[in-house]
Each structure stands twice: as C-alpha cells, then as structure tokens.
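First comes the structure, then the notes that go with it.
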Amino acid sequence: MAEPISRRSFLKAAILAPLIPSLLAACKRADDQKVVNFFNWSNYIGKDTLPEFTKRTGVEVRYDLFADEDEMFTKLRAGARGYDLIVVGDYHIPRFRSLNLIEPIPAESLKNLGNLSPRFRRPGYDPEETTVPYLWGTTGIAYNKRKIKKAPTSWWDLWDPQYKDRVSMLDNVRDCISVAMQLLKIPQTTRDPEDFKKIRELLVKQKPLVKQYSSASYLNSLVAGEIDLAMTWSGDLFQTARENPDLDYVIPKEGTYMWVDCLAMMRGARHRADTLRLIDYLLEPSVAAGIANSVRYATPNQAAQPEVDLVLRKDPRVYPTPALMKQLQLHHVLDSEQSELWSQTWADVKVA
Amino acid sequence: MNRALSWLLSGRRPLASHLLLAPASLWLICFLVIPAAGLIVTSFAKNGPYGVVIWEFGFQNYARAFDPKYLPVLFRTLGFAGATTALCLILGYPLAYFLTFYAGRWRNALLVGLMVPFWSSCLVAYYSWMIVLGKEGLINATLMRLGVLSEPIGFLYTPFAILLGLVYFYLPFTVLPLYASLDKVPRSVIEAAYDLGAGRWTAFWKVTLPLSLPGVVAGCVLTFIPCLGDFLTVEILGGPRYYLLGNLISNQFMMAQDWPFGSALTALLLAGLVGGLWLYQRWEKA
C-alpha cells in the first residue's frame with residue numbers, strides 16, 4: 001500500500017521540484033561540447049550523412065528542419081538561439097548578414113574547401129567566401145506527362161488559360177518576381193515603380209489560374225493529381241518523381257535562375273570547432289556525393305563528381321549542358337530598398 | 001472549500017481576496033497585457049531595411065491599413081467568419097439540444113467525443129481532410145468506383161473546403177456554451193409550459209429557446225472571433241483567391257518581414273473586436 005504523502009514530504013518535494021530543470025540543464029551543459037545544432041531544409045540531406053559523422057567523430061548533430069525560408073528567417077530573427085549551422089539561399093545572405101545573424105566561416109580552417117568547383121569559389125553573392133556552397137539547383141516547371149499532352153516549353157505556359165486551376169506557383173518572392181521580370185524583359189536591377197506595377201499586373205493576371213501558392217505542399221498535390229503544372233525547384237521534383245514517374249521537369253526556353261544554398265555559421269555559435277568539423281565533413285567528396293544522390297540536387301563539389309550516380313550526372317535537368325549553363329543566372333543581390341519593392345509587390349499580388 | 005472561497009471573496013477580507021486573485025492577474029499580465037502592449041508599441045514603429053524595426057513612432061502603419069485594397073480581404077473574412085458561425089449554430093443547436101435532453105447516459109461519452117478532434121493539432125485534422133477531399137481522395141474514389149462520377153470533383157482549395165475546415169474545427173466552441181445554457185434551463189419550467197397547454201413546439205419556442213439565448217450568443221461570439229484571425233485553414237485547404245485577414249497578418253510577419261505593419265493590422269483587429277464586444281454588452285444591459 002502506498003504511504004500517504006505527509007505534509008513534510010510534500011513540502012520537500014515542492015521546494016526541490018523547481019531545482020530539477022536547472023539540474024537537467026547542468027547535465028546538458030556538460031556534454032554541450034560534443035554537439036552541433038544544424039538547421040536545414042526538410043529532405044535536404046542523405047539518410048546516413050549525419051549518423052556517419054557522429055560515428056566517426058562522436059559529435060552528436062541535433063538536426064532541425066524548416067520548409068519555408070521566410071519562416072526560418074523569422075524564427076532566427078525573433079531570437080531563436082542555439083543553432084550553430086544553418087542553410088541559407090545565396091540571395092538571402094545579405095539579409096542575414098545585415099541583421100548580424102551569421103558570422104564568416106574561417107576558410108583557412110577548412111581542409112576540403114578546394115573540392116568545390118571553381119565556378120562556386122568567390123561567387124558574386126559572397127566574394128569573401130564567408131559561407132560554403134552546399135547544393136545548387138534551378139527553378140523550372142514540373143508537369144504531369146499523363147495529364148499535360150504538350151510538354152511545357154515556356155514560362156508563359158503557366159499563364160495558359162487552358163490549365164486553369166491546375167497550376168501552382170512557388171510561394172516565394174524571389175522566384176515569382178524573377179520569372180515575371182524575365183517574361184517582361186525587366187532587369188533585376190530596376191527600382192522603377194512602373195516596372196513593379198507591370199510585374200504585379202502580370203502576376204495578378206495569372207492568379208485565376210493558380211490553385212496554390214506553395215513551396216512544399218504542392219509536391220503532394222502533384223502526386224495526388226490536384227495540380228498538373230507547377231513552378232518548382234529542380235531537386236524537389238526529382239525526389240517527388242520517385243513516387244510518381246509521370247512527373248517531369250523542364251527548364252523553360254527563356255532560361256531560368258539557379259541558386260546556391262550555402263552553409264552559414266550562426267553568430268555566436270557555441271560549438272564552433274565541431275561546426276567547422278561538420279562543414280569540412282560535408283565537403284568530403286564521398287559525403288557530398290551521398291547527399292547529392294539522395295536529394296537529387298546538383299552538388300557544387302567537383303571532387304565528388306565521379307561518385308555521383310551516373311544517371312544524375314548525365315541528366316541535363318540536374319547538371320545542365322554548358323550551353324544551357326550560360327543561360328542560367330544567379331539571382332541578383334538586392335539592396336534593402338529593392339528588397340522592399342519586391343516583397344511589397346508580392347504582398348500586393350497575394351492581396352489582389 | 002466553496003464556502004471558504006466565498007467568505008474570502010465576500011469583501012470582508014480585501015487582502016485575502018486580492019491574494020486569491022493574484023495568480024489570475026499575474027497570468028493575465030504576463031500573457032495578455034505585456035504582449036499586447038508590445039504589439040501596440042511595435043505598431044507605431046517604422047520598418048527599416050530588411051525588416052529591422054526602427055523605434056521612430058508615427059501613424060504611418062495605420063494610414064496604410066486603411067488602403068482600400070484591403071477592403072475585399074476584410075469583407076471576405078467577415079463573410080467566412082459569419083458563414084462559419086451560422087453553420088456552427090445550425091448544426092450545433094440540435095446537437096446541444098440532443099445532448100441535453102435525449103442523450104441520457106451517453107451524454108458524457110458524447111461530450112468527450114465532441115472534444116476528441118481538439119486532442120490533435122488542427123494541422124493534423126486538416127491534412128486528414130485533404131486525404132478525404134482530394135481528387136484521388138476517399139470521397140472521389142468512392143463516387144467514381146460507384147459510377148456516380150466520371151471525373152473527380154476538385155473539392156480542395158475551394159470555399160467549400162475552407163468552410164468545412166472552419167466548421168469542423170470551431171463546432172465545439174459553439175456547442176459547449178449552448179449545452180451549458182440548455183442544461184441550466186429548469187425542467188420544471190418546461191413542464192409548467194406543457195401543463196399550461198403548450199405543445200412541444202410552443203414550449204420550445206416560448207420557453208427553452210429564449211432561456212438558452214445566452215448560450216447562443218456566447219457560442220456565436222466564441223466561434224466568430226477566432227474565425228476572424230484564422231489563417232491556417234486557408235493556408236492548407238484554401239486557394240490563393242480566398243486570402244483572409246489572418247493570412248494578410250501572418251504574411252507581414254513572415255514573407256514581407258514588416259512587423260510594424262503586421263502589428264498595426266493586429267491592433268486594428270483587436271480594437272474592432274473589443275469595440276464590438278463593448279457595444280454588445282451595452283446593448284445587452286440596455
């Protein structure tokens with residue numbers, strides 16, 4: 001029979017109870033040295049990548065996921081502490097830097113930086129190499145071969161009224177406005193409000209056809225047949241096509257944008273040494289190839305190429321031909337004033 | 001215990017009654033007053049480069065909020081919230097009535113059943129609805145197998161799906177107050193109506209319904225208000241053409257990184273709600 005709780009033992013427990021969390025915290029702190037907190041896109045790493053790292057180094061990786069980069073940015077901006085390593089799109093780096101969220105990765109402490117293809121060294125968006133390229137890809141059109149008889153060739157196909165209610169667009173300022181600019185032949189450097197008015201009108205005109213603005217759930221919709229035509233990020237579609245082989249990917253004839261997702265170290269990261277070890281590990285040829293094979297995005301790691309699956313390596317949708325590569329451009333690095341014009345325009349499209 | 005409480009609160013012991021209220025007040029201050037004050041202060045601030053909040057104060061965010069381009073969003077939101085409330089009432093009143101007068105010994109089990117959807121996040125519930133409503137979902141697959149349909153119906157991303165989600169999620173908010181106030185209607189009063197010759201319909205119309213009106217009002221308020229700020233339902237089940245106030249606000253905090261403007265919109269929504277409730281209370285007292 002259980003002993004009834006006496007008043008004294010209750011009081012003792014009541015006094016001790018608040019101490020428990022701090023005791024737990026103390027235990028945690030002791031092993032803190034052996035941990036890296038990594039914040040990455042969902043479906044953006046190989047299955048064995050991190051366990052292998054832990055096995056080799058004894059460093060545990062606490063892995064956290066996001067599916068929307070604005071959400072991730074908001075979380076970090078609002079003061080989420082404790083992440084050491086994050087993945088940031090090239091065009092977002094100025095934003096993170098100007099808010100002092102990230103600090104430069106000391107290049108000299110990375111043995112494997114030389115594995116990167118020269119094309120990705122000292123890039124325009126980050127000439128001082130304060131971040132490390134992780135994966136890259138393109139924005140293009142996904143479509144269901146069974147339902148769309150004539151393969152799309154142009155961004156204009158996303159504006160074709162015959163596909164009403166079967167189209168989805170990425171819920172992303174940069175991608176949607178860049179495409180509108182490409183179609184209207186407006187340079188990304190513009191600050192002219194008239195240009196932005198035209199862009200808004202073009203995107204609003206498309207709205208009646210659009211079933212979803214989405215950057216993640218549209219992939220399920222494609223598989224489930226809710227939509228048949230979607231603006232997509234290359235690797236996301238290739239991953240999804242494993243579930244539905246009817247899905248295919250096209251880089252429109254107008255050309256498109258490529259982007260580079262980069263590893264960046266959070267300012268004040270508490271586990272610097274282990275974070276650098278993890279970055280160096282991710283740059284190893286076989287590790288980088290393992291990730292690329294699993295997520296089906298292109299790796300900027302030249303030394304990894306021989307280990308990338310032949311099917312992927314020979315696939316011009318993943319690694320475009322040199323001729324097509326010339327047509328790919330990086331997103332222009334916007335200053336804060338332009339950035340404001342872009343997000344205002346996108347916000348107005350959403351409201352319209 | 002109850003007697004001790006009422007004695008303490010009877011006013012003879014002001015200190016003791018304050019002490020008893022302290023946890024509630026503290027809770028309100030920490031989780032309501034302080035965040036709301038922060039929100040209101042932010043709403044007057046300026047939005048700087050890359051969404052840095054600049055603490056220079058002015059009314060510019062409020063001026064922007066009255067741009068006519070937001071009017072359709074406001075009306076659409078009021079429409080969806082109103083329709084949801086009406087549907088919840090139409091579905092909820094008979095349900096609450098049944099629970100009170102006919103459910104008998106099943107009453108508690110059914111009440112728990114009503115709450116079950118609340119045990120999981122509405123996110124999970126909405127994703128399940130996507131499976132049910134999808135073009136290759138349960139309903140379409142069944143109807144097509146039965147030969148009723150030749151082409152699947154696109155239920156998802158329509159006003160229908162949004163209303164379904166909202167009603168599904170907010171129904172308990174309507175039913176519980178209705179149930180509480182129907183339960184309080186003294187059976188003797190209803191019996192007296194029968195004794196005085198009223199039929200079932202007259203007794204309901206003249207006695208039960210008027211006595212349950214406080215529950216109707218509470219249920220409507222509890223449904224209507226959270227509906228006004230809902231954004232997840234549209235995000236998951238609704239399409240781009242059904243953008244609501246909640247989406248507009250969440251977009252300011254997420255995509256546009258304009259926290260001052262988002263705060264101003266939220267403050268206006270709050271002001272509208274508090275004002276509405278205040279007017280309602282005055283009307284009720286009059």
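Identify, please: which residue in the range A:32-53 is modelled with pLDDT of 90 or more and in a helix (DSSP H, G or I) and is, among those, surrounded by the fewest Cβ atoms within 10 Å (Cβ to Cβ)?
Kept after step one, since they are modelled with pLDDT of 90 or more, are these residues of the range A:32-53: A:35-53.
Going one step further and asking which of them are in a helix (DSSP H, G or I), we end up with A:49-53.
Details: A:THR49: 19, A:LEU50: 21, A:PRO51: 11, A:GLU52: 15, A:PHE53: 22.
That would be A:PRO51.
Please give the number of the condition A:ASN112 fails out of (1) of a type in the set (S, T, N, Q); (2) surrounded by 14 or more Cβ atoms within 10 Å (Cβ to Cβ); (3) within 13 Å of chain B (Cβ to nearest Cβ).
With (1) of a type in the set (S, T, N, Q); (2) surrounded by 14 or more Cβ atoms within 10 Å (Cβ to Cβ); (3) within 13 Å of chain B (Cβ to nearest Cβ) applied to A:ASN112, the lone miss is (3).
I'd like the full set of residues that are hydrophobic (A, V, I, L, M, F, W, C) and in contact with a strand residue (DSSP E or B) (Cβ under 9 Å, 6 or more places away or on another chain), limited to the range A:88-128.
Across the range A:88-128, the qualifying residues are A:VAL88, A:ILE93, A:PHE96, A:LEU101, A:ILE102, A:ILE105, A:ALA107, A:LEU110, A:LEU113, A:LEU116, A:PHE120.
If A:LYS253 meets every condition in (1) of a type in the set (Lys, Arg); (2) closer than 21 Å to A:GLU129 by Cβ; (3) in the same structural domain as A:ASP165 (by TED's automatic domain parsing) apart from one, which number is that one?
Every condition holds for A:LYS253 apart from (2).
When only residues in the range A:208-251 that are assigned to a strand (DSSP E or B) and among the β-branched types (Val, Ile, Thr) count, which is farthest from the other protein chains (Cβ to nearest Cβ)?
A:VAL250
Quick grid of which residues meet (1) assigned to a loop (DSSP other than H, G, I, E, B); (2) at pLDDT below 90; (3) under 18 Å from B:THR223 (Cβ atoms); (4) of a type in the set (D, E, K, R):
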residue	(1), (2), (3), (4)
B:PHE118	no, yes, yes, no
B:VAL132	no, no, no, no
B:ILE162	no, no, yes, no
B:TYR170	no, no, yes, no
B:VAL175	no, no, yes, no
B:GLU191	no, no, no, yes
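Given the conditions (1) surrounded by fewer than 23 Cβ atoms within 10 Å (Cβ to Cβ); (2) within 14 Å of another protein chain (Cβ to nearest Cβ); (3) not in a loop (DSSP other than H, G, I, E, B), and given that A:LYS198 satisfies all but one, which numbered condition is not satisfied?
Of the numbered conditions (1) surrounded by fewer than 23 Cβ atoms within 10 Å (Cβ to Cβ); (2) within 14 Å of another protein chain (Cβ to nearest Cβ); (3) not in a loop (DSSP other than H, G, I, E, B), the odd one out for A:LYS198 is (2).
Sort out which residues of the range A:328-343 are facing another protein chain (nearest Cβ under 8 Å), in contact (Cβ under 8 Å) with a residue 40 or more places away in the chain and buried (at least 19 other Cβ atoms within 10 Å of the Cβ), and write them in order of number.
Within the range A:328-343, A:SER339, A:SER343 meet the criteria.
Would you confirm, using the coordinates I've provided, whether B:ALA36 is farther than 30 Å from B:PHE155 by Cα and under 20 Å from the mean Cα position of the chain (by Cα)?
yes
Which count do you get for residues in the range A:72-88 that are surrounded by 15 or more Cβ atoms within 10 Å (Cβ to Cβ) and within 14 Å of chain B (Cβ to nearest Cβ)?
Selection size over the range A:72-88: 7.
So that you can scan it fast, the table gives a plain yes or no per residue for (1) hydrophobic (A, V, I, L, M, F, W, C); (2) within 30 Å of B:ASN47 (Cβ to Cβ); (3) in contact with a Phe, Trp or Tyr (Cβ under 7 Å, 6 or more places away or on another chain); (4) not assigned by TED's automatic domain parsing to the domain that holds A:VAL88:
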site	(1), (2), (3), (4)
A:ALA264	yes, yes, yes, no
A:ARG272	no, no, no, no
A:LEU276	yes, no, no, no
A:ALA298	yes, no, yes, no
A:ASP315	no, no, no, no
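Mind listing just one residue for me: the one in the range B:39-54 that is modelled with pLDDT under 95 and of a type outside the set (A, V, I, L, M) and, of those, farthest from the chain's Cα centre (by Cα)?
Among residues in the range B:39-54 that are modelled with pLDDT under 95 and of a type outside the set (A, V, I, L, M), the one farthest from the chain's Cα centre (by Cα) is B:PRO49.
Among the residues of the range B:29-88, count how many are assigned to a helix (DSSP H, G or I), farther than 30 Å from B:GLY238 by Cβ and more than 13 Å from chain A (Cβ to nearest Cβ).
The total comes to 7.
If I go through the range B:138-160 residue by residue, how many of them are within 12 Å of chain A (Cβ to nearest Cβ), surrounded by fewer than 20 Cβ atoms within 10 Å (Cβ to Cβ) and in a loop (DSSP other than H, G, I, E, B)?
4
Scan the range B:244-265 and give yes if some residue there is within 21 Å of the chain's Cα centre (by Cα), more than 28 Å from B:PHE57 (Cα to Cα), modelled with pLDDT under 95 and more than 9 Å from chain A (Cβ to nearest Cβ), otherwise no.
Checked the range B:244-265: no residue is within 21 Å of the chain's Cα centre (by Cα), more than 28 Å from B:PHE57 (Cα to Cα), modelled with pLDDT under 95 and more than 9 Å from chain A (Cβ to nearest Cβ).
Could you please tell me which pairs satisfy a Cβ distance under 8 Å, a separation of 6+ or placement on different chains, a first residue in the range B:101-113 that is assigned to a loop (DSSP other than H, G, I, E, B), and a second residue that is aliphatic (A, V, I, L, M)?
B:ALA103/B:LEU110
Which residue, of A:ARG29, A:ARG77, is basic (Lys, Arg), closer than 30 Å to B:ALA256 by Cα and at pLDDT below 95?
Just one listed residue meets the conditions, A:ARG77.
Go over the candidates A:ARG56, A:ARG95 one by one and state the one that is part of a helix (DSSP H, G or I), among the basic types (Lys, Arg) and within 14 Å of another protein chain (Cβ to nearest Cβ).
Details: A:ARG56 fails: within 14 Å of another protein chain (Cβ to nearest Cβ).
Answer to the check: A:ARG95.
The values are calculated or read from the model by the stated rules, or taken from the named source; none is laboratory data. Because the structure is predicted, anything quoted here is derived from the model rather than measured. Neighbour counts run over all protein chains shown; Cβ positions are idealised from the backbone, glycine included.
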